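Please treat every number below as a calculation from the coordinates, not as lab data. Not measured: the values here are computed from a predicted model. Cβ sites come from the backbone with ideal geometry, for glycine too, and all protein chains shown count toward neighbours.
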Amino acid sequence: GILLHAFDRSKDGKVSYDEFIAGLRGHLNPTREDVVRQAFEKCDVDGSGVLTVDDIKKLTEGNDGKDSNFKRFLQRMEGLGGDKDGQVTWEEFKSYYEEISSSIDRDDYFLMMVRKAWKLEIKRKENGAPSLPLAEDVEQKLMEKLKSRAKSENQVCRYPIN
């Protein structure tokens with residue numbers, strides 16, 4: 001009844017594990033939604049508010065993939081509740097990332113994953129600091145501390161992380 005209707009995003013009369021987890025976790029928090037919005041806007045090359053095969057082709061210039069491959073890609077992006085028409089609206093794009101987000105606990109990991117997938121620039125404040133703490137920034141600060149400690153103690157330190 002009510003639970004089936006609430007959790008069955010694909011409208012197939014069944015609740016999959018992913019639909020159940022997504023239903024429990026709910027929507028993107030504002031931080032996650034912001035980075036997903038940035039990804040959508042980058043993909044929406046023509047600014048129409050809908051991602052199409054042409055948008056993806058322009059985004060992947062130099063890639064001579066077939067239109068059918070781009071269409072299948074977009075159909076996957078439409079998520080469980082999409083209409084599978086090969087065009088992705090903001091709501092479908094957001095829903096796709098809500099499904100992914102439901103299995104990722106940490107905001108910093110989710111943000112890093114979306115940024116790297118879509119090659120997004122990191123939003124920074126006027127003073128140059130990131131608007132949110134990032135795993136990369138934490139890693140950089142730790143490396144700086146290790147280097148300064150090694151220098152102050154006249155030690156040689158090897159760094160496996162570049």
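Overview of results
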quantity: Sparse-neighbourhood loop sites, GluC sites (Glu not before Pro) in region 27-78 - DSSP loop, at most 14 other Cβ within 10 angstrom; calculated: GLU61
quantity: Cα shape, region 1-116, gyration tensor, a/c 1.5 rule; calculated: oblate
